[in-house]
Amino acid sequence: MSLKDWKKKTIVYEVYIQSFKDSNNDGIGDINGLESKLDYIKELGANSIWITPIFKSPLVDNGYDIEDYESINSIYGTMSDFEKLLISAHKKNLKIILDLVVNHTSDKHKWFLESKKSKNNQYSDYYIWRDPKPDGTEPSNLGSAFGGSAWTYVAERKQYYLHLFSEQQPDLNWNNVKVRQSIYHMMKFWLDKGVDGFRMDSISLISKPEKFDNVPLENHQRYGAYYYNISNGPHIHEYLQEMNSEVLSKYNIITIGETPHTTPEEAKKYVDPYRNELDMVFQFEHMHVDYGKFGRYSDVMYKLNDLRCAMNKWQEKLSWNTNYLGNHDQPRIVSRFGNDDKYRIKSAKVLAMMYILQKGTPFIFEGEEIGMTNLHITNINELKDIEAHYNYNFFIDKQISPEKALEMVNRKTRDNARTPMQWNFDRNSGFSDVKPWFDVNSNYKSINVKKDLQSSDSIYRFYQKLLQLRKEDSIMIDGEFRPLYINDSEIYAFIRELSGHKKLIVCSLCAYNKKFEVPKNVGNISKVILSNYEKDININDRTIYLKPYEGVVVSLD
Ligand code: TEU
Ligand code: CA
């Protein structure tokens, strides 16, 4: 038994709903806006759309704090807009994947409003409540992902509740069978409408330990990392197997678990088909290659060796991966891993080649296909993300200068990914007629969809070719992944091989010329399949002369 064929052919485009397309000019992207752009996504070559949360929410964490799982947030539209979107998408053979956020709810969810009232009502046990220590302080030193303690005190109950994310995102108690049943019921509600799958937010965190001990402190923090002793908790696989037998197995859907802080060995348990849990997982190891003294927000440039080591490790250990370089929680990929200045176009293309042609399911984040870049902020108040503000204040407390603190936060803030989609040259980049909820990146006149569609060698056009290649050539789906050149600090190379046929992918990630020798035992170059330098390719026998950020795909025999 292995992953079904249609799942292997899945190519996902992630839509950050509030920043994609505003249809009614209130400055916020919405469901009808997305519907108007389905052809754009289809033309690119994706066949599935993952939409970030669209449910009723106070939007403390941009919708990852859900107040009502079964209603649509009115700023994004109505339930009938969503049903219309599903029909239109299905007509175009596009699948719709929803974000399932069930590690926590919003503190405005009716379950929590009841739960916090007393220790003996029907929702009392829906969340993780613990008594204070004898001196009244938090039950443990666990910290929240966005900063501060992971525990907040509620006077009515004389207890603390756990929140791995913001204070407004209390963690659900999965140990309570009523919680699990309520969630399964809600999942069926969406699946019965025809939804094609779920991306499961923070799913590796849902099973909590019985006892919360203090954890070691790292990265100069006052509290312990939020996932410490939490990720892959004691009952995680039991819960997922139960969810699979009660819900997932009854539908022909795709499931992708977001599993921060999970090793390949642990990840295998989630995706082993014989265990009946999930189809695939998002791992984060390659997202940590530029972490430093202060963790994520450190001022560190990644090394290609580290990136390759992390990605190759997962390629070797897991038979099917999710392949991505960016999403709504990460900086823009061309700014982080490429060169968003002189080589923006070339480097955006080579990065796409490098990750899309690895074995697994590609996930493209909106705007990546036109090479959208990070922001350049001059004031912390330009950012909206709670995580950015917490980290900025933390650095100021640590006596780091405001300029340096701003630079560190700017480099990694999640807001880099959250600026509105750059559609055209018009005001607000054609995203909306009015001032958007988040200002458009000021470079939209030189980076936008309209411009890319007008040119035959744009980044968008290159993504089309890559995705086409992935569809046409079964090597790109079923071919084994074989790493090459594993010590080079500028070139990422690998082979895909299927029944004796081989394709070699060579990607240069530097701004100068490099030579690549095809090792003798690997084969001879027989044909050039694709390059981001179009026809200007220099190959002599076994030597490929790579120009800055050049990437090539060749056949070997
Ligand atoms: O992210 C969970 C997660 O894995 C974190 O590591 C997250 O990437 C980190 O906080 C960013 O620095 C998911 C969502 O993708 C994120 O947008 C939500 O804020 C979070 O869960 C809580 O729902
Ligand atoms: Ca709108």
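Relative contact order of the chain, please, whole-number percent, based on alpha carbon pairs below 8 angstrom and at least 6 residues apart. Relative contact order, the chain: 12 percent.
Database remark: amide H of Thr322 closer than 5 angstrom to the amide H of Val281, Gln283, Thr361 (H placed geometrically; neighbours at sequence offset of 5 or more, or on other chains; Pro and chain starts carry no H).
The residues Lys502, Lys450, when put in order of fewest to most other Cβ atoms within 10 Å, stand as Lys450, Lys502. Using the Cβ atoms and a cut-off under 11 Å, what net charge is assigned to the surroundings of Leu357, where Lys and Arg are +1 and Asp and Glu are -1? Net local charge, Leu357 excluded: +3. How large is the translational diffusion coefficient of the range 75-193 in µm² per second when you combine the Kirkwood radius over alpha carbon pairs with Stokes-Einstein at 20 °C and 1.002 mPa s? The estimated diffusion coefficient comes to 131 µm²/s. When Phe165, Phe212, Phe425 are sorted by how many other C-beta atoms sit within 10 angstrom of their C-beta, beginning with the fewest, the order is Phe425, Phe212, Phe165. When all alpha carbon pairs of the chain are counted in 20 Å bins from zero, the resulting P(r) reads 21, 56, 22, 1 %. For the range 39-55, putting each phi into the Karplus relation 6.51 cos²θ - 1.76 cosθ + 1.60 with θ = phi - 60° gives couplings of 5, 4, 5, 5, 4, 4, x, 6, 10, 9, 10, 9, 9, 5, x, 10, 8 Hz, in residue order, rounded to whole numbers and with x for Gly and Pro. Does the range 397-495 come out rounded, prolate or oblate, given a ≥ b ≥ c as the square roots of the eigenvalues of its C-alpha gyration tensor, rounded meaning a/c under 1.5 and, failing that, prolate meaning a/b above b/c? Here the range 397-495 falls in the oblate category.
Amide H to amide H, with H built 1.01 Å from N, Met200 comes under 5 Å of Leu100, Ile256, Gly257, Glu258, counting only residues 5 or more places away or on other chains.
Across the range 483-498, rounded Karplus estimates of 3J(HN,Hα) from the backbone phi angles (6.51 cos²θ - 1.76 cosθ + 1.60, θ = phi - 60°) give x, 9, 6, 6, 10, 7, 8, 10, 10, 10, 9, 7, 10, 10, 9, 9 Hz, Gly and Pro being marked x.
Pairs of C-alpha atoms in the range 1-152 farther apart than 20 Å represent 60 percent of all such pairs. Each residue of the range 455-466 was assigned a 3J(HN,Hα) from its phi angle through the Karplus curve 6.51 cos²θ - 1.76 cosθ + 1.60 (θ = phi - 60°); the sequence is 10, 8, 10, 6, 4, 4, 5, 5, 4, 4, 5, 4 Hz, with glycine and proline shown as x.
The alpha carbons of the range 228-342 occupy a box of 51, 31, 26 Å along the principal axes, longest dimension given first.
Sites listed here are trypsin sites (Lys or Arg not before Pro) in the range 112-168 whose DSSP assignment is loop and whose Cβ has at most 12 other Cβ atoms within 10 Å: Lys119, Lys158. Considering only Ala352, Ser442, Ala225, and ranking their Cα positions along the charge dipole of the chain that arises from unit charges at the beta-carbon of Lys, Arg, Asp and Glu, the one farthest toward the positive end is Ala352.
Any of Lys95/Lys193; Lys95/Lys313; Lys37/Lys349; Lys4/Lys313 with alpha carbons more than 18 Å apart? Name them for me.
Numbers: Lys95/Lys193 13 Å; Lys95/Lys313 30 Å; Lys37/Lys349 23 Å; Lys4/Lys313 24 Å.
The answer is Lys95/Lys313; Lys37/Lys349; Lys4/Lys313.
Taking a ≥ b ≥ c as the square roots of the eigenvalues of the Cα gyration tensor of the range 114-266, is the shape rounded (a/c under 1.5), prolate (a/b larger than b/c) or oblate? Taking the square roots of the gyration eigenvalues as a ≥ b ≥ c, the range 114-266 is oblate. Each of Met372, Met200, Met186 was scored by other Cβ atoms within 10 Å of its Cβ. Listed from fewest to most, they are Met186, Met200, Met372.
Dipole orientation for the range 480-556: of the candidates Asn521, Pro483, Asn532, Asn521 has the Cα lying most toward the positive pole (charges on Cβ; Lys, Arg +1; Asp, Glu -1).
Please report, in debye to the nearest 20, how large the charge dipole of the chain is about its Cα centre when each Lys and Arg carries +1 at its beta carbon and each Asp and Glu carries -1 there. If you can, show how the numbers build up before the last one.
On the way: 73 positive and 76 negative charges, 222 e Å.
That gives a dipole near 1060 debye.
What number, rounded to the nearest 500 deg cm²/dmol, is the helix-based mean residue ellipticity at 222 nm of the chain, given -39500 (n - 2.57) per DSSP H run of at least four residues and division by all its residues?
Details: 16 runs with 149 residues, N = 557.
Helices in the chain give a 222 nm mean residue ellipticity of -7500 deg cm²/dmol.
When the gyration tensor of the range 268-403 is built from Cα positions, what are the square roots of 5 times its three eigenvalues, in whole Å, from largest to smallest? All intermediate terms of the calculation are to be shown ahead of the outcome.
Numbers: eigenvalues 174, 75, 40 Å².
Each semi-axis is the square root of five times an eigenvalue, giving 29, 19, 14 Å.
Taken about its Cα centre, the range 292-375 carries a charge dipole of about 300 debye when Lys and Arg each add +1 at the Cβ and Asp and Glu each add -1 at the Cβ. Could you tell me which of rounded, prolate or oblate describes the range 1-73, using a ≥ b ≥ c as the square roots of the eigenvalues of the alpha-carbon gyration tensor, with rounded for a/c under 1.5 and, failing that, prolate when a/b is larger than b/c and oblate otherwise? Note, shape of the range 1-73 comes out oblate.
Across the range 480-556, the volume of the C-alpha convex hull divided among the residues equals 82 Å³ per residue.
Could you tell me the relative contact order of the range 266-310? Use alpha-carbon pairs under 8 Å, at least six residues apart, and round to a whole percent. Present the calculation step by step, with values, prior to reporting the outcome.
Numbers: 34 pairs, mean separation 11.0, N = 45.
Relative contact order for the range 266-310 comes out at 24 percent.
Here, each number is a calculation from the coordinates, and none is a lab measurement. This one's a predicted model, so the numbers in the text were calculated from it and none came from an experiment. Positions of Cβ are backbone-derived with ideal geometry, glycine not excepted, and every protein chain shown enters the neighbour counts.
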